[in-house]
Amino acid sequence: MKKLFLFYLLIFTSNFLLAQFSNNKIVEFYSVEKNISIDAGKEFQINLQAKIQNGWHINSNKPLDEFLIATKIFIKDKNFEIKKIEYPKAKEIKLEFSENPVSVFDGTENFKVTLVSKNNLSNDEYKLPIYFYYQGCNNESCMPPNEISTEVVLKVNKSTQAEITSTIQN
């Protein structure tokens, strides 16, 4: 128990030592697709990618310890609803300062999000920010949790089809 306490103390106090390394530089997050056709009121998918800086990892969506912060993908726009998120298979790694393995993502990871739009979307352009919440860690310490986003532009045309283009917004 004492080791666990020291582990978490190390994580949170070392953040001050890493303050010169911006959280925004640890992960790049964006949509893979340039164009997708959708029908209003029907499900559609967006493929997302997170590129995690070499030497860093982020906790998976299902960390093995209740005190670790899970990676999450979410939206705030009420015109769309997330139905399902397919997270990549996490890696379990053993770190020098932890007794048990931790479940992480590293390198380039792919996520598939299934959404549904409202039936009553007008023939208009919709900017849909998709948020990525994570905690970046290296083998010695963790940064404070961070939230970044990518913006997906949906253009609904007369045939109730939409075209998606992606821009990065952090």
| field | Of all residues making up region 43-67, the number that are surrounded by 15 or more Cβ atoms within 10 Å (Cβ to Cβ), part of a loop (DSSP other than H, G, I, E, B) and at pLDDT 95 or above | value | 4
| task | Sort through 90, 70 and tell me the only one that's more than 19 Å from residue 151 (Cβ to Cβ), open to solvent by 30 Å² or more (accessible area, probe 1.4 Å) and touching a strand residue (DSSP E or B) at 6+ places or on another chain (Cβ under 8 Å). | result | 90
| query | List the pairs whose first member sits in region 78-102 and is under 13 Å from residue 43 (Cα atoms) and at pLDDT 95 or above, whose second member is part of a strand (DSSP E or B) and among the polar types (S, T, N, Q), and whose Cβ atoms are under 6 Å apart, counting only residues at least 6 apart or on separate chains? | reply | 83/114; 84/114
| Out of region 83-114, which residues are more than 18 Å from residue 134 (Cα to Cα) and under 17 Å from the mean Cα position of the chain (by Cα)? | 83, 84, 114
| Qualifying residues in region 18-32 (those that are modelled with pLDDT of 85 or more and assigned to a loop (DSSP other than H, G, I, E, B)) - the one nearest to residue 128 (Cα to Cα) | 32
| remark: Residues of region 71-86 being acidic (Asp, Glu) and within 20 Å of residue 121 (Cβ to Cβ), in sequence order, are 77, 81
| Residues of region 137-161 satisfying the condition of being under 17 Å from the mean Cα position of the chain (by Cα), farther than 18 Å from residue 48 by Cα and either outside any strand (DSSP E or B) or at pLDDT 95 or above (or both) | 143, 144, 145
| query | Has region 113-125 got any residue that is open to solvent by less than 70 Å² (accessible area, probe 1.4 Å), of a type in the set (Val, Ile, Thr), part of a strand (DSSP E or B) and touching a Pro at 6+ places or on another chain (Cβ under 8 Å)? | reply | no
| task | State the number of residues belonging to region 123-145 that are touching a strand residue (DSSP E or B) at 6+ places or on another chain (Cβ under 7 Å) and among the small types (Gly, Ala, Ser). | result | 1
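The values are calculated or read from the model by the stated rules, or taken from the named source; none is laboratory data. None of these values were measured; they are calculated from a predicted model. With ideal geometry, Cβ positions are generated from the backbone for all residues, glycine too; neighbour counts draw on all protein chains shown. Ligands, DNA and RNA are stripped out before the accessible areas are found, and what is left, the full protein with its side chains, is counted by its heavy atoms. Shrake-Rupley method; radii C 1.70, N 1.55, O 1.52, S 1.80 Å.
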